[in-house]
Amino acid sequence: MAKIAVLTGGGDCPGLNAVIRAVVKSAYQYGMEVIGIRDGFRGAVEGDFIPLGIQDVSGILPRGGTILGTTNRDNPFAYRGADGSKTAEDRSPVVLANLEQAGVDALIVIGGDGSLKIALEFSSLGLKVVGIPKTIDNDLMATDQTFGFQTAVATAQEALDRLHSTAESHHRVMILEVMGRYAGWIALYAGVTGGADVILIPEIPYQLHKVALAVEERAKRGKKFSIIVVAEGAHPEGGEMVVERTFENRPEPVKLGGIGAKLGQDLESRNGVETRVTVLGHLQRGGSPVTYDRLLASRYGVAAVDAVLEEDFGTMVALQGKEIVRMSLAEAVNKLKQVPPTDPVLLVARNLGIEMGD
Ligand code: F6P
C-alpha cells in the first residue's frame, strides 16, 4: 500500500481534524502517502484532491471542524452537482476513475451512517475502503462511543451551568433544546452532569402533566426555578417529533427542531410559570475537542491505517469496551443506537430523582 485517500463526510464534529492528523502521521510512519479529498464525496466526484503531508496536519489537533471540508448533500450514487438542481446521476464510476488516476490504493471514510453507507456501496464495487465512525449524536450501534459526543455534552453541560444562574435569579423555568436526532444521548449525559431537573428524550415520550408536576413540586420545596433539557427528537406521548425543515434529495431529508418552544408554550399556559427557551444548535458541533475525543479520534485514525496496512478492507473501526476493534461495514451501518430502558446513566438519572416525563 503506497497511497491512502481520506475524506470527511456528513455534519462536522469536534475531533475530525484529530483523526485526519492521526491518519497522516501514522501513514507517514509506514512510508505511505496520504491525499485529502475536499468536501466529502463531492470532492471524490469532482477530483478535488490535495496532498496531505506531515506539515499540512501540524497544529490541527485542537482545531474544530475539518480542514478537508465536508457536506451532507452529495451522494455519488445519486449525484446532483454542486447546486443540487440536476437530476440524480450515478457518478460512482467517475469516483473510481478519479481515485485510480490519482494512484489511490485505499480510501478512509470518516463519517456518520450516511457516509458509511456510501463507503459500503463503494466497497461492494471493489474499492478498498476503511470507515471511521463520527457523530456528536453517539447513535451508531456498532461503537460504544463516537468521537465528538463528549465535546458536545461538555458544551451542553456548560450551557446548563449558565442557565442555572439566570433561572435562579428570575425564578424561571429554563428549557435547553439540544441535538441528537433520534437518540437522547446528549440530552441524558448533559442533563445528568448539568444538574437538570427534567430530561426529555425521544426514547421516552413525555406526559406534559408529569413535567408540570415536577416544576410545581420543586416550587413547593422552595425551589422557584427549574431546568429542563429536551432532546430535539423528544415528543409528547401520542404526539409527533417537531420538524424544523425538510430537504428534497438529501440522504437525511428531515431536520428536527422546535420541541423546546412547543414545550415552553405548553408548560407556561399550564402552570403560569415564566419560561424561556434556549436552542443550543450548532454550538454543540463547534470548537476544540475535549481530551476524551482527541484520544478516541487519534486511536481511530491509527487503527484505520493499521487496517489498510493489513489489507482488512470493507471494515469500520469501532470502540468496544476499552479496545478498538474492526467490524464489517455491512454489519455496522443502518443500526441506530438509542438509549435503552436499562442504560446505566438513565438509571442514575432516575435514582437522582430527575423527571424523565413518563
Ligand atoms: O447528526 C449531527 C447533527 O448535528 C444532529 O444532531 C442534528 O439533528 C443535525 O446534525 C443537524 O444537521 P444540519 O447541520 O444539517 O443542520
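Values for this structure:
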read-out	value
Residues of the range 38-61 that turn out to be closer than 12 Å to residue 20 by Cα and touching a residue at least 60 places away in the same chain (Cβ under 8 Å), as a count	1
Matching option when the condition is of a type in the set (Asp, Glu), in contact with a helix residue (DSSP H, G or I) (Cβ under 8 Å, 6 or more places away or on another chain) and part of a loop (DSSP other than H, G, I, E, B), among 39, 74	74
Residues (closer than 30 Å to residue 9 by Cβ and basic (Lys, Arg)) located in the range 230-275	245, 250, 255
Unique residue being surrounded by 24 or more Cβ atoms within 10 Å (Cβ to Cβ), in contact (Cβ under 8 Å) with a residue 60 or more places away in the chain, within 15 Å of the ligand (Cβ to nearest atom) and assigned by TED's automatic domain parsing to the domain that holds residue 225 when the list is 178, 173	178
Listing of helices (runs of 4 or more DSSP H) fully contained in the range 234-343 that carry 3 or more residues being under 20 Å from the mean Cα position of the chain (by Cα)	291-309, 329-332
Selected residue (criterion: surrounded by the most Cβ atoms within 10 Å (Cβ to Cβ)) from residues of the range 335-358 that are of a type in the set (Lys, Arg) and in contact (Cβ under 8 Å) with a residue 60 or more places away in the chain	337
Some residue of the range 282-289 being on the phi > 0 side of the Ramachandran plot and either in contact (Cβ under 8 Å) with a residue 40 or more places away in the chain or within 14 Å of the ligand (Cβ to nearest atom) (or both)	yes
Test: residue in the range 80-89 that is within 25 Å of the chain's Cα centre (by Cα) and part of a helix (DSSP H, G or I)	no
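The values are calculated or read from the model by the stated rules, or taken from the named source; none is laboratory data. The shown structure was predicted, so the numbers you read here are calculated from the model rather than taken from an experiment. When we count neighbours, we look across all protein chains shown, and the Cβ atoms used for this are built from the backbone with ideal geometry, even at glycine.
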